[in-house]
Structures are given as structure tokens and as C-alpha cells.
Amino acid sequence: MRPPSLLSLTLDSALLRIAHIADLSHLPDHLVIDLFRVGTPRGPLPLSTPARPPRQISFGVIASLEMSSGIQDSEVDIVIAALQPNLNTFFEAWRPFFSRFHIIVVKDPDMTEDLKIPTGFDLKVYTKADIDGVLGASSINFSGHSCRYFGYLVSRKKYVISIDDNCLPAKDTAGSTVDAVAQHMTNLKTPATPFFFNTLYDPYRKGADFVRGYPFSLREGVECMLSCGLWLHNADYDPMTHVVKRNQRNTTYVDAVMTVPLGAMMPVSGINVAFNREVLGPVMFPGLRLRNEGKHRWDTLEDIWNGLCAKVVCDSLGYGMKTGLPYVMRSDAEAGKALESLKEWEGVKVMDDVLPFFQSLKLSRTAVTVEDCVKELASIVREKLGPKNAVFTKAADAMVEWNNLWKSHGAHHA
Amino acid sequence: MASASRAATPLLKDELDIVIPTIRNLDFLEMWRPFFQPYHLIIVQDGDPNKTIRVPEGFDYELYNRNDINRMLGPKASCISFKDSACRCFGYMVSKKKYIYTIDDDCFVAKDPSGKDINALEQHIKNLLSPSTPFFFNTLYDPYRDGADFVRGYPFSLREGVPTAVSHGLWLNIPDYDAPTQLVKPLERNTRYVDAILTIPKGTLFPMCGMNLAFDRELIGPAMYFGLMGDGQPIGRYDDMWAGWCTKVITDHLGLGVKTGLPYIWHSKASNPFVNLKKEYNGIFWQEELIPFFQSVSMPKEATTVQKCYLELAKQVRAKLGKVDGYFNKLADSMVTWIEAWDELNPPKGGVATANGPPKK
């Protein structure tokens, strides 16, 4: 490392006294630039000069994150819940994007037919027998969409990407097929920015940056733990909306990824998600089960509940959550079936009970791990929401059970 | 549930004023003519009042220079910045309309991905006339847009939304970067058209850019004070930021919404980054104190109007930021002056106006 020059010492010294320097107009412009280069920590900018480690300034700069150069393929598991027996079309369509990865397929324990999966994948199938064999008697019900969580449990990778089996790759506005897997990996490896909203959305994307007025001390971002993707064609609506807008399809491709701000609640759809399993595993549980939960997404809220809990934990521990790209193309389900679900759908009441609860929720400062947070969350749920609806008491039970299952079966890495 | 609106967007030509600060010329209005001509313009001329700013033929406008501002506000004119586009907020104060659209004189009509000219004003009106959803984030963004809706899991009790106070538009071409970023990335252009409007969640602050901004003057006008910038002030290019932070804490308190996203305009002129660096310098360091301040502001229950909230904010600025720099004591004073001037020029209906000098040219 080169010894300091008189100029660099002057700049360092000026920086320490910066609050008292009222007027910079006498400085030549190139020195003002140097003063800024030295003074501002710039994580994401591609500097043309050889990168110098960012200098720390005294005004509350977050320590520079060790950003990984990229997520390796070997760190990723793709988890697919099989709710239909014939997965040939699904896997053939996703082959170009899935074939590099290890894949876990979890068969819905209620399904009796055999699965049809094409060859040529590094793929392991788990069935009811495996679930029962591994877990024995568990109070958690893994049927329907909840079966994918078993996949999260047995995975040994750092990251998990999970897509519903009725979704195919989407096309972007230029007509190119979207590599949803790669986009999720990018979302997870670049920082999230939950403390201040960037009006140009993801500042780490090529061609974008933090805008004027974005505090410099917040530009390092935090680690992104959950990436929530979207769906073209058949959007993820509740059964009422499906019935009323039976002909509406989502055709708007919004070319953005953004961080969900601190404190903001969001409905996380399980249709197209990715997360850091190593960190977030204990909170990625199937907790909330509606009484008449069925096989359509509109019959469930387990992912919504999971996402709300995950967001609370991320907010509490200083992690980030992103939403937006990638899109997948989701195929139709018969709207008529939604009509049947409508009659019994307790989702409306449940979400309206849940809302004020999450709005006022603050986890204690002593909960510093995800497991601690989940434990605390479960007891608050039991105490505050349990009295409103038995479904919440069961959710609290499931959360505690999952925490235990995670300790005994999930907390391993490759 | 959101209902799809098939009716055409109302023009609101008698309910909306377009406020334009300028120090150069208004040639850019030619390009906007098809969209702006039905509306009344309020031109705020910054800089030398003896210079004549030519307004293209056929526009209905009122123009104010520094002499007019001094004449109309008397000593209260001290709250209006000089030699900075922050002076535009004078236009908000003198307007008599319900809505304001403000745009910079280096902003032109952009094209959407299909090549069609974007009617920015129409989109802003759509944004202002449809509700916001600050209490829960909708993953399909604006649920009131054609083709979208609230997603599964969105609480039904929140689906009516709240009134929208601010519509914050974006810019293609020259992005709104601060000076350090401009210096490091002088060639970067924003070419990404993000086809979304979204509500900024309650409790979240954002950097509000005044280049392409619309708001409901009746709902939030008094909070849109663009601060003390420019000549004789230690800071510049933070006018809209300041107004945005004040506005957001007040809209959060009053249960109003702020949207961002569409429409895009085409920002043509990159300002000089060295000049910007000098203007922003203090701001870049001060904002590290300002953000925690705004994030922790709490409004008392009794602050039920925008003016009451704003005066409370001024009190807290003086108390908590005065020690960062004496500038904030001056700013707190001018925030109070602004409200006094606003109330004088905008008395409650039935009140008597005591404006200094004739209001219109």
C-alpha cells in the first residue's frame, strides 16, 4: 500500500473537519472530486479506476458488506411442489433454466397417481412415504401447496427457488424468454434497500443508481433474504376477484425489482419465490391453514401468512425483501371453481383479523436470530390472535413445531 | 374490489394550474402545446426581474417576477428563494385551483415503448383522481389501473384506499442523480420504462423530485414549501427533497397517499456536476441528520390540518436541527412565514383576503 501523500493527508484532514468548512469555491474542481471519492462509500458503482476499498466516515456509515461475487449453481436447490401428476410440459419448458441445478420435487401427499417427470435432470422426488418416514408424527399438515415446505426442510443448499407447477417461463417485452432462476439469484445476491425508497427502483441494476436525495450512508444496503416474483396471464387473486374479473388477464410487464420498505406489509405469493434458506429457513413455514384449504392457490393463505411473518423477522433483523421481476407465465384455472371456493372462503375474515396485528407488531431487541424471532412471534400470535380464531392457535402450534423440525432436520448445509 | 374505469380521464382544465419556474426561456412549451394549451399557466420568473421572459402565443398565463413576489408578500417574501427553482412554490401559493402540476423548463414530452407521445398531465390526473394504498403493499402495484387489481391476501378492509395527495412522475434520458453520481457516471441515461404506478407505503420516506410533480393543493398545498435555497443560502438542489420529506410525514399523519412512477417525461438537460457539487455539498452531509429526524417525527393528535402539522414540524426543526447548523433556525422561521403567507393569500372560504397588491397581471 502506497504511503500517504501530502495531498491525501490534507483531504483526510479536510474530511474530518468538513462540517466547519463553509465554502469550497476556492478549491480546484479536481480536488473537490477527490474529496468526494475519498469521502463517500460507494458500494455498487462500477468505478473505471481499480477499486479502492470504500473509506469509512464517522457519520453512521454501515460497515461495507462483503458482497459475494455471485451465487454458485451448487448453492441452489429448486423446489417444486407437484400438485398435478403430469409434469412433462412443466419440466420441458423450464429445462434450459433448471438443468444446471439440483431439483427437489415434493409430491402432494394426497395425490395417488404416479408422477410423470422427463429424464435428464438431477432430481429427487419425495413422496408421502418420505414425509412420514422423515418426520414421523408431525402436527404440520403437508398436503396441497404446503408440501413444498418439506422440500425446504430436506434441502441442503443455501438458496431455494420455488415455482408452482402450473407456471411456465414468461416472455419479456422484447420477446425474450425470462430466466426466472437467474433473476432470482441476482435479486438475492445484490443488496436490498429497505430504509429509504429509491424512485428509480433497484439501484443495483445496470443503467440505474440511487437518485439525488438518497442518503449516502444508506447506499450500502442490506442483505436480501427473500425475492418475490410475479405472474403474467393468470394473476394471483382471491376467489372473489377471480369470479368478478374472470376474463381479466395480467398483461403488464413491469420492468422493475424493488425493495419492500421497512415496516411495509406485503402479501407474499408462494407461486414464484426464492430465499436464503440458510438464514430464513426457520421462518419459511406452512403455518396458517384455512379450514377448507384446497388445491387452488385461491383456497390458501399459507404463503401470505408465511410472507408476513418473514417480513416482520427481516425488518427486525435488518434483512431485506424484494418484489417485482422475474415474471412467470401462470396458466388458467377455471373461474367456476373459484365460485365454489367463495361460499366457504374464510380468507376475508382472516386477513382482516391479521392486519391490525401485524401493523402493531414489534419484536423484542433480544430476539437476534431468526429462530428466536419465530419463537417470540408464535407466542404473540397465540396470545393475541388465538382468541379470535382457532386457525391462529393452530398456526402458532405449527410455527413452534416447524422451529423444532428445523433444528432436527433442516439446519444443515451442504 | 377495484372497479375498472372505462370513462375518459377528465381534463380538469378549470381545476388545475401548471406552475413553471424559469430563468431562461419557455421554448419547451411549444412541444407541450397539445397537452398544456387548455390549462392556465403560472410562470414564476427567477433571477433578474428586468429580463422579459417570452411566453409562446396562445397560452393563458400569469407571470410573476421577483418584484411581484416582493410586492405581494412584503417582508414575508423572505421565505421565497431567489436564484433557485425553489421559487416555484410561490406559484402554488397564488394559485386558486385544486390541483397543481409543476414541470421544469428542460423537460419534454417522452415516448412510451410503443412510440406514442406520453400525455404526462393526463396520467397525473388519473393518479390524483384514484385512491392510494399506503397501508399494505400491493404486489401488482396500482390496483385501480385497468388490467390490475388487489392480489390475494390484500385485506378487504383496505381496498377502498385513501385520497391521493401527490403524484410523483419520473424521467427518461438524463436521470436525476446527485453530483457525485453524475461525476462518476456522466454518460448514464435512464432508458428503462417501468410501466407502474405505486403508492409509497406509510412510514417510508423517498426523494421527491420537483421536475414532474402533481399534487392536490387543497389536500396538501401548504406542505409544498420548497425551502430556502439559492442566493445567500448554504445549500441548493434540496428544495424538492425538503418539501417531499415534510409532505410525506404529513400525508402519513393525515392518512393521505403519495404515488410514484408513471408518467415519464424526457429530461433533456444535464446540469453542470461541478456547480451541483458546490450547491449540494452541505446537503449531502446534512441529510444524514435530516433523515433520522424525519423518520422519527411524530405529530400530535391535535394537528388535524396541513398548516397545523407544518407549524409543528417547524417547531421540531428548530428544536432538533438548529444544532446541526444555524441554517435550520432560519429555515424554521421561513417555514412559519410561508404558512402565514399561505393563509393570507388563501383565506378559508368566507374570509377576507388581505393580499399585498393586485393578484393578477
Over all pairs of different Cα atoms in chain B, the reciprocal of the mean inverse distance gives a Kirkwood radius in Å of 21.0 Å
Residue by residue through the stretch A:123-133, the couplings from Karplus 6.51 cos²θ - 1.76 cosθ + 1.60 with θ = phi - 60°, in Hz, x for Gly and Pro, are 9, 10, 9, 10, 10, 3, 4, 5, 4, 5, x
Of all DSSP beta bridges with both partners in the stretch B:106-345, the antiparallel percent, nearest 5, is 55 percent
Amide proton proximity set for B:ASP195, modelled H, under 5 Å, gap of 5+: A:ASP255
By per-residue mean of other Cβ atoms within 10 Å, what is the highest-first order of B:290-301, B:324-335, A:253-264? A:253-264, B:324-335, B:290-301
Taking θ as phi - 60°, what are the ³J(HN,Hα) couplings along the stretch A:176-187 by the Karplus curve (6.51, -1.76, 1.60), each to the nearest whole Hz, with x for Gly and Pro? 7, 6, 7, 8, 4, 5, 4, 5, 4, 5, 4, 4
Amide H of A:SER138 versus every other amide H placed in the peptide plane: which residues, excluding those fewer than 5 positions away on the same chain, fall under 5 Å? none
I want the local charge near B:ALA110. Using Cβ-Cβ distances under 11 Å, sum +1 for each Lys or Arg and -1 for each Asp or Glu among the other residues. 0
Give me a single rounded figure for B:192-200: the average over its residues of other chain Cβ atoms within 10 Å of their Cβ. 5
Applied in sequence order to the stretch B:275-281, the curve 6.51 cos²θ - 1.76 cosθ + 1.60 (Karplus, θ = phi - 60°) yields integer Hz couplings, x standing for Gly and Pro, of 4, 4, 4, 5, 5, 7, 3
Pairs of Cα atoms under 8 Å, at least six residues apart: use those to get the relative contact order of the stretch B:106-345, whole percent. 25 percent
Would you grab the residues whose amide H sits under 5 Å from the one on A:TYR327? Only those 5+ places off in sequence or on another chain, please, with H modelled 1.01 Å from N. A:LEU230
Calculated P(r) tail over 23 Å for the stretch A:277-414, as whole % of Cα pairs: 40 percent
Averaged over the residues of A:257-263, the number of partner chain Cβ atoms within 10 Å of each residue's own Cβ comes to 4
Where does the Debye-calculated log10 I(q)/I(0) of the protein assembly as shown sit at q = 0.08, 0.10 Å⁻¹, using only Cα point scatterers of equal weight, no solvent? -0.70, -1.05
What fraction of the DSSP beta bridges in the stretch A:165-409 is antiparallel, stated in percent and rounded to the nearest 5? 55 percent
What average count of beta carbons from other chains do you get within 10 Å of the Cβ of residues in A:198-207? 4
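Throughout, read-outs are computed from the coordinates displayed, never taken from laboratory work. All values derive from a computational prediction rather than experimental measurement. Counting neighbours? That spans all protein chains shown, and the Cβs are built from the backbone with ideal geometry, glycine included.
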